[in-house]
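The values are calculated or read from the model by the stated rules, or taken from the named source; none is laboratory data. Since we're looking at a predicted model, the values are computed, not measured. As a convention, Cβ positions derive from the backbone with ideal geometry for all residues, glycine included, and neighbour counts pool all protein chains shown.
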Amino acid sequence: MRVLFIHGAGGYLEDQEIAATLRTHLQAPVEMPQMPDEDMSVEAWATIVRHHLTGLGEDDVVIGHSFGATILEWVLGEKTWAPHRALLLAMPDWSPDGWDVADYAHPGPGPQMSIALHHCQDDEVVSFEHLALNAARLPSATVVEHQRGGHQFEGVDLGP
C-alpha cells in the first residue's frame, strides 16, 4: 500500500507532521507533492493531483487535508480512479452555509469510492460545523469525529 497525501493551502511545511504520522500509523510510504501557493485555483491543484493518481493502484489510499481535501473531492468525482478509499481531513464546506466561496464549492457528483470524513471538534481553522455540511453532501461517507487534535490532527491516530 502507498499513500498519496495532498496538503492544505500553504501547508506543505506545516502538514509534514501529518504526513509523518500517516507513515507511522499506516506503515506505508507517503507521497506528498508540493502544491502551488501562487495559484490556488481548483484546476492548478487538480492537474497535479490527477498526475499522481494515475500511478496508484487499488490498494493505495488518497488523503487530503483541508484545501487538499477539497481538491481531492473535485478530482475523485471526475471518474473512477484505481484507489478504493480516500480520507478527507478537516475539509472546508464552500457552500453558502459554510465559507461561501463559489469557486471551490464542488458541484458533484461525489467520488465513487469509500470516503471517510475526519474532523476534530477543536479545529481552530475549519470549524467543526463543516463536518456535518460535508456529511450531508456525501451521505455514503463514513464520518469520524475526533474530540481533540486541532486542525493539524495532533496526536490523532488516522490508521485503519
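Worth pointing out:
- Breaking point among (1) touching a helix residue (DSSP H, G or I) at 6+ places or on another chain (Cβ under 6 Å); (2) farther than 16 Å from Phe5 by Cβ; (3) aliphatic (A, V, I, L, M), for Leu158: (2)
- Count - residues of the stretch 28-67 that are polar (S, T, N, Q), in a loop (DSSP other than H, G, I, E, B) and either within 14 Å of the chain's Cα centre (by Cα) or closer than 22 Å to Met113 by Cα (or both): 2
- Gly150 satisfies every condition listed in (1) under 22 Å from Leu4 (Cβ atoms); (2) in contact (Cβ under 8 Å) with a residue 12 or more places away in the chain; (3) of a type outside the set (Phe, Trp, Tyr); (4) touching a strand residue (DSSP E or B) at 6+ places or on another chain (Cβ under 9 Å) except (1).
- Here the stretch 21-33 is the region considered, the condition is being modelled with pLDDT of 95 or more and either within 27 Å of Ala102 (Cβ to Cβ) or among the aliphatic types (A, V, I, L, M) (or both), and the residue that is surrounded by the most Cβ atoms within 10 Å (Cβ to Cβ) is Met32.
- In the stretch 94-104, the residues that are touching a Phe, Trp or Tyr at 6+ places or on another chain (Cβ under 7 Å) and either surrounded by 15 or more Cβ atoms within 10 Å (Cβ to Cβ) or of a type in the set (Lys, Arg) (or both): Trp94, Tyr104
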